[in-house]
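Presented below is the structure to which this report refers.
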Amino acid sequence: MANLVRQLGQRSLNFVREAGGMIIFLLEGLGLALVPPFRPRRLLQEIYQIGVKSTLIVMLTGAFTGMVMALQGFYTLKQYGSEGALGSAVALSLIREMGPVLTGIMVSARAGSAVTAEIGIMRITEQLDAMDTMAVNPIQYVVMPKLLAGVIAVPFLTAIFDVVGILGGYLVGVILLGVSSGSYFSSMVRSVVPLDVYGGIVKSLVFGLTIILVACYKGYYTQHGAEGVSKATNQTVVLSAVLILAWDYVLTSFFM
Amino acid sequence: MIKIVNLTKSFAGHKVLDGINLEMPTGQITVVIGKSGVGKSVLLKHIIGLLKPDSGQIFVDGQDMSLLKGRQLRQFKRRFGVLFQGGALFDSLNVFENIAFPLREKTRLTEAEIAKRVRERLVQMSLTSEVETKFPDELSGGMKKRVALARAMIQEPEIMFYDEPVTGLDPPMTNTVFHLITKTHQESGYTALMVSHDLPEVFSVAHQVAMLHKGRIIAAGTSEEIQNHPDPMVQSFIRGEVDFLEG
Ligand SMILES: Nc1ncnc2c1ncn2[C@@H]1O[C@H](COP(=O)(O)OP(=O)(O)OP(=O)(O)O)[C@@H](O)[C@H]1O
Ligand SMILES: [Mg+2]
């Protein structure tokens, strides 16, 4: 029993220490965005790596998510004779919840894990140390552009997810199941209010930052060789998925 | 001159350095020898500022390193060149970009001037111009070492640090790398600290040798002095005896 309590205590201490470490890491990274040298090319490279390269997988997940939501929504709404509201149902759940959350999880699986592996390898092969001895700050050169790229790219990817999802819903709802095209879009326009869109944007910004922060932090503090890198990569994917869902709850309750 | 005074460092209760005292004279090559895992890399990382000592001081030309911060520290680091144990070439950059990296980041030289200097270094390291566009994972171990050496020296450092410059290389490549170190040292007269367990080859490049054992420097002197040192620990290490004296 005492052992269990001790273990719990140890775990919570570790958790607090790690959370604190990440916040300091984040502040340092963002602070370094404000001081020269500025490297716009590095930012573009990372937007390409993290954002552009995730576009296809985000479109694919977006399309299927919209399609399945139209299918589910159609049969539920039909029971009440209100299939006309299908567009509104699909758009609201995409914009408020599914878009930001699923985009976040896809980006973390595709780009987050790659970021951890890349930085982790730089750590264990002393590339970060080498940079430091050349008087180039590795957090400023390697980490900061990735953080900014996450904040910039994930909202765009989320918007793409939403749009493709709405079109996927259109394909199933209107073309396959026969909801009228006019009501699909007009119900959407009537029910989606600016707050929904703001909420979605805020979520995607927070998720983007969280995913890349976790990925960079885990990579930067990798230890114990190649095995350490694979462990860190694993932790990145699990931790960012958990954090995305936890944040989602917090932010949703804030916007409701 | 680099002077280390009473340097100690522990990791999680395990004492790696236990009161190191060592002087490295200006313009000379000092080699620290010792078994794998005694803390040679840890010692080197303290001098280049990657690790902070638990206690003790490091003076470079009379300047206490621990007092340097921010801009001053960055200025100071520009006088150093470091060859890391695995080369530490940047995976995402090709050979040319790796060697040019310090110049592009830290100087205002034109691209033409940078290209000229990079090519001079490649020639100096007996590398052909075809390697310029190769990435580190496409290079052999010996090529990696030479590219890393070119990058470490591109800013003409006053002090060079070598962490196991020849470990894992075949005998001809070992000779080549040692030859390059001797040659560049003759040309520019930098101060050097090398850590290595590659005996007896290091005796030919060293002006001064120090042996690290159990957290302390147990012997220091010229190559001959160390080779004829009375301490049985030193002798058995030089002769490559297995598990000498309880390890
Ligand atoms: N950052 C660190 N954290 C914890 N322990 C460390 C760290 N760096 C080194 N050590 C430990 O310090 C000891 C000395 O390591 P070091 O790398 O200096 O050995 P070395 O003499 O360079 O060996 P080799 O010849 O194999 O390179 C080892 O036991 C190592 O596990
Ligand atoms: Mg070592």
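The values are calculated or read from the model by the stated rules, or taken from the named source; none is laboratory data. Model, not experiment: these values are computed from the prediction. Here the Cβ positions follow ideal geometry from the backbone for every residue, glycine too, while neighbour counts run over all protein chains shown. We work out accessible area using only protein heavy atoms, side chains counted, and drop any ligands, DNA or RNA first. Shrake-Rupley method; radii C 1.70, N 1.55, O 1.52, S 1.80 Å.
Considering the stretch A:83-121 alone, what residues qualify as being open to solvent by less than 20 Å² (accessible area, probe 1.4 Å) and within 14 Å of another protein chain (Cβ to nearest Cβ)?
A:V115, A:I119, A:G120
State whether one or more residues within the stretch B:138-153 are more than 30 Å from B:D61 (Cα to Cα), open to solvent by 10 Å² or more (accessible area, probe 1.4 Å) and not in a helix (DSSP H, G or I).
Yes, the stretch B:138-153 contains at least one residue that is more than 30 Å from B:D61 (Cα to Cα), open to solvent by 10 Å² or more (accessible area, probe 1.4 Å) and not in a helix (DSSP H, G or I).
Residues to consider are A:L205, A:L167; find the one that is in contact (Cβ under 8 Å) with a residue 60 or more places away in the chain and either assigned to a helix (DSSP H, G or I) or closer than 11 Å to A:A91 by Cα (or both).
Details: A:L205 fails: in contact (Cβ under 8 Å) with a residue 60 or more places away in the chain.
Step by step, each of A:L205, A:L167 is checked, and only A:L167 is in contact (Cβ under 8 Å) with a residue 60 or more places away in the chain and either assigned to a helix (DSSP H, G or I) or closer than 11 Å to A:A91 by Cα (or both).
Identify the residue in the stretch B:54-87 that is assigned to a loop (DSSP other than H, G, I, E, B) and open to solvent by 40 Å² or more (accessible area, probe 1.4 Å) and, among all such residues, is nearest to ligand 2 (Cβ to nearest atom).
Among residues in the stretch B:54-87 that are assigned to a loop (DSSP other than H, G, I, E, B) and open to solvent by 40 Å² or more (accessible area, probe 1.4 Å), the one nearest to ligand 2 (Cβ to nearest atom) is B:Q85.
Any chance the stretch B:19-34 includes a residue that's more than 14 Å from every other protein chain (Cβ to nearest Cβ), on the phi > 0 side of the Ramachandran plot and within 16 Å of the chain's Cα centre (by Cα)?
Yes, the stretch B:19-34 contains a residue that is more than 14 Å from every other protein chain (Cβ to nearest Cβ), on the phi > 0 side of the Ramachandran plot and within 16 Å of the chain's Cα centre (by Cα).
Return the pair list, or none, for Cβ contacts closer than 7 Å from residues in the stretch B:38-52 that are more than 15 Å from B:S196 (Cβ to Cβ) to residues that are near ligand 1 (Cβ under 6 Å from one of its atoms), at least 6 apart or on different chains.
Close Cβ pairs satisfying both conditions: B:L51/B:V42.
Looking for whichever is among the hydroxyl-bearing types (S, T, Y) and within 16 Å of ligand 2 (Cβ to nearest atom) here; the options are B:T167, B:T133, B:T128, B:T110. Which one fits?
B:T167
Test each condition in (1) open to solvent by less than 10 Å² (accessible area, probe 1.4 Å); (2) at pLDDT below 90; (3) under 14 Å from B:K35 (Cα atoms) for B:A210 and report the one that comes out false.
Status for B:A210: all satisfied but (2).
Quick check on the stretch B:157-190: of everything there that is more than 16 Å from ligand 1 (Cβ to nearest atom) and under 14 Å from B:G141 (Cβ atoms), which residue is nearest to the other protein chains (Cβ to nearest Cβ)?
Once the filter is applied, the top-ranked residue is B:V177.
Hey, which of the strands (runs of 3 or more DSSP E) in the stretch B:172-247, taking only ones fully inside, have at least 1 residues that are within 29 Å of B:I154 (Cα to Cα)?
Ranges flagged: B:191-196, B:208-213.
Which members of the stretch A:132-169 meet the condition of being under 25 Å from A:A33 (Cβ atoms), buried (at least 22 other Cβ atoms within 10 Å of the Cβ), more than 8 Å from every other protein chain (Cβ to nearest Cβ) and of a type in the set (A, V, I, L, M)?
A:V142, A:V143, A:M144, A:L147, A:A149, A:A153, A:V154, A:L157
For the stretch B:16-50, which positions are touching a Lys or Arg at 6+ places or on another chain (Cβ under 7 Å), within 28 Å of A:N137 (Cα to Cα) and near ligand 1 (Cβ under 7 Å from one of its atoms)?
The answer is B:V16, B:V42.
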